[in-house]
Amino acid sequence: MTIGILALQGAFAAHARALERLGAAPCAAGAHPGGQELFWKYVSRAQDFDGLDGLILPGGESTTMLKLLQEEGCWEQLLAFVQTRPVLGTCAGAILLSREVTHPAQLSLGVLDATIVRNAYGRQVDSSIRQGNWLPAPESAQQLEMVFIRAPQFSRLGTGVRVLAQEGELPVAVQQGQVMAATFHPELSSDLRVHAHFIDLVRSSTPPLTNQSLFSASASTPGCSPGSS
Amino acid sequence: MELNGLRLKTGLAEMLKGGVIMDVTNADQARIAEQAGACAVMALERIPADIRREGGVARMSSIRKIREIMQTVSIPVMAKCRIGHFVEGQILQELGVDYVDESEVLTPADEKHHVDKHAFKVPFVCGARNLGEALRRIAEGAAMIRTKGEAGTGDVVHAVQHIRAIVREMRELTLLGPDELYTRAKELQAPYELVRLVAKEGQLPVPNFSAGGIATPADASLVMQLGAEAVFVGSGIFKSEDPAALARAMVRAVTHFADPQVLLEVSEELGEPMRGISIATLRPEEQLQTRGW
């Protein structure tokens, strides 16, 4: 199973490190160590989407990523991907996924039924590290560290959107079907519950092997050809 | 608290990786930069090429100008303060810029001391020509290092020299034994703890960007392939024939810095880059990079 990380600009390397701490190996390493079933790879061109089981849209500048996605001819590919496969967007990635973006308005993929306000906390001097609650496992009293950097805020969530994490009263991580989004940066913390939840989501939505996929899997491991990052 | 502060400061630099930070002098240029895909802008009154030509004392930009740029774009806005001028830093922090560049491009305000950057909430970036200088700046609280290069020349040769020096000196550290690190720290004039950290990790504890004389997409890719994590472009863009086109080409070249096919594409369509000055023809006292201690 391979998780792609959109690597046009921003904190893609930090996501790769987070996935590696959860046992993922880089696809580009060529060799596929036995027993390692989780791989990650960088995605920067349209052909890189082939064979991915899930995708992470990292933090960075959403305007820069939008520009590059359109110039690289990746937009249609990305839109088709996020409509059918699991995706996790953090900060700028959450902005790209939301249906409506304000402050200022900009184009988005629109697969998360939410309105998101860019730079809602203010500028860099207003960035902060806070403690919040991870709701899927409320019995564990341990709070979740949340790194907010020039972060956005959800101002509206659709009825089908489930809140995964809260900071005070604010929803800061959400899920709608196969779409996950966080307004903070779990890739910059040592607590990896957000990434682990996403890996579970990818695992549960990866279709069981059919004859056809068995056939292609025997020809080559999808998405894991040497040097493919 | 201090550790979390540093994580937030380097965290923003993490978000800028793989991007291009462009020097702009007004709202129109800032808009062009943002539309081209810049991940941040540096708000300046004069770009380095003009500072070099016009001479005089170069200070922090006018607040009105920086504020106008902050109101125009949604991407992070940086601004420069003079080396050692902690009050310019205080003013820029109060204004709310996202990063302060304690820059050799401006006329230094202190010939011995740099700003104590730990005392600030706003993150600072500082220039360096080698590992010792980079580690001294990090010890003072810099949350990002950039090569100095030679600003305002359009000649990439010293940006290359500086990134090569930093990368080589880091690699050398990883080969030294524990007893050798003490002596090396003395030679580098850098704190032993930071030297030991770099020896262990093989990289700086803060992001390492490149600046100074980067004028074409090929220049940008060159410093990226040599190990830079993002690129500052100063005079190169707005001293060229078609700034919007060059800005877009720079952004694509940094994203796909290792893909010769993209580099060919973006290089093909370009107009004239800035004419530039060969650094070899500069007198030593004309060099900006020797400022900083």
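Some points to look at:
- Here the Karplus relation 6.51 cos²θ - 1.76 cosθ + 1.60, evaluated at θ = phi - 60°, turns the backbone of the range A:79-93 into coupling constants of 4, 4, 5, 5, 7, 10, 10, x, 9, 10, x, 10, 6, 4, x Hz, with x for every Gly and Pro.
- Considering only B:Phe238, B:Ser267, B:Gly84, and ranking their Cα positions along the charge dipole of chain B that arises from unit charges at the beta-carbon of Lys, Arg, Asp and Glu, the one farthest toward the positive end is B:Gly84.
- With every protein chain in place, the protein assembly as shown: carbon and sulfur % of accessible area (1.4 Å): 51 percent
- D_trans [Stokes-Einstein, Kirkwood Rh over alpha-carbon pairs] for the protein assembly as shown, 25 °C, 0.890 mPa s, µm² s⁻¹: 104 µm²/s
- Summed side-chain charge close to A:His195 - residues other than A:His195 whose Cβ falls under 14 Å, Lys, Arg +1, Asp, Glu -1: -1
- Most mobile of B:Gly212, B:Gly96, B:Gly56 in a GNM of chain B (Cα contacts under 10 Å): B:Gly56
- The residues of the range A:72-185 have, on average, 37 Å² of accessible surface per residue, using a 1.4 Å probe with all protein chains present.
- Peptide B:3-14, shielding by other chains (average Cβ, 10 Å cutoff): 5
- With R₀ set to 41 Å, the beta-carbon distance separating B:Glu201 from B:Glu54 gives a calculated FRET efficiency near 0.45.
- Taking amide hydrogens as placed 1.01 Å from N in the peptide plane, the amide H of A:Gly4 sits under 5 Å from those of A:Lys41, A:Asp53, A:Gly54, A:Leu55, A:Ile56, each at least 5 positions away in sequence or on another chain.
- Using the Cβ of B:Gly37 as centre and a radius below 13 Å, the other residues enclosed give a net charge of 0, where K and R count +1 and D and E count -1.
- For the range A:110-153, with +1 on Lys and Arg beta carbons and -1 on Asp and Glu, the positive-most of A:Gly122, A:Val111, A:Gln142 along the dipole: A:Gly122
- 3J(HN,Hα) from dihedral phi, the range A:166-174, Karplus parametrisation 6.51/-1.76/1.60, rounded to Hz, x for glycine, proline: 10, 10, x, 8, 7, x, 10, 9, 9
- Counting Cβ atoms of other protein chains within 10 Å of each Cβ in A:8-19 and taking the mean gives 4.
- Using R0 = 51 Å, the C-beta based FRET efficiency linking B:Asn26 and B:Tyr192 works out to 0.65.
- Residues of the range B:149-293: accessible area per residue with a 1.4 Å probe, Å²: 48 Å²
- By the Cα gyration tensor, the range B:187-278 has an equivalent ellipsoid whose semi-axes, rounded to whole angstrom, run 32, 15, 9 from largest to smallest.
- Peptides A:168-180, B:257-269 ordered by packing proxy, namely the average of other Cβ atoms within 10 Å per residue, highest first: A:168-180, B:257-269.
- Selected from B:Arg53, B:Arg171, B:Arg136 as most flexible by GNM, with chain B as the system and alpha-carbon contacts under 10 Å: B:Arg53
- Size of charge dipole - the range B:193-293 - debye, nearest 20, with Cβ of Lys, Arg +1 and Asp, Glu -1, no other charges: 380 debye
- Each of B:Trp293 and A:Arg203 was given a label point 7 Å from its Cα along the Cα-to-Cβ line. The distance between the two points is 5.8 nm.
- Summing both sides, the accessible surface hidden between A and B at a 1.4 Å probe radius is close to 2700 Å².
- A simple spin-label model places the labels of A:Arg130 and B:Leu176 4.4 nm from each other, with each point 7 Å out along Cα-to-Cβ.
- Net charge of Cβ neighbours under 10 Å - reference A:Met1; Lys, Arg +1; Asp, Glu -1: -1
- Size of charge dipole - the range B:85-145 - debye, nearest 20, with Cβ of Lys, Arg +1 and Asp, Glu -1, no other charges: 220 debye
- Take every DSSP beta bridge whose two residues both sit in the range A:68-162; close to 70 percent of them are antiparallel.
- Per principal axis, descending, Cα span of the range B:140-293 in whole Å: 54, 38, 25
- Simple Cβ-charge dipole of chain B, Lys/Arg +1 and Asp/Glu -1, about Cα centre, in debye nearest 20: 460 debye
- Chain B: calculated mean residue ellipticity at 222 nm from DSSP helix runs of at least 4, using -39500 (n - 2.57): -13500 deg cm²/dmol
- Annotation: amide H-H contacts under 5 Å for B:Phe209 (H modelled 1.01 Å from N, sequence separation of 5 or more, or interchain): B:Ile145, B:Arg146, B:Thr147, B:Glu229.
- Per-selection metrics, chain B (Cα): Rg and Dmax in Å: 18.0, 55
- Karplus 3J(HN,Hα) series, Hz, for the range A:153-163 with 6.51 cos²θ - 1.76 cosθ + 1.60 (x for Gly, Pro): 9, 6, 9, 8, 10, x, 5, x, 9, 9, 7
The values are calculated or read from the model by the stated rules, or taken from the named source; none is laboratory data. All values derive from a computational prediction rather than experimental measurement. We place every Cβ from the backbone using ideal geometry, glycine too, and count neighbours over all the protein chains shown. To get the accessible areas, we keep the full protein, side chains included, count just its heavy atoms, and leave off ligands, DNA and RNA. Shrake-Rupley method; radii C 1.70, N 1.55, O 1.52, S 1.80 Å.
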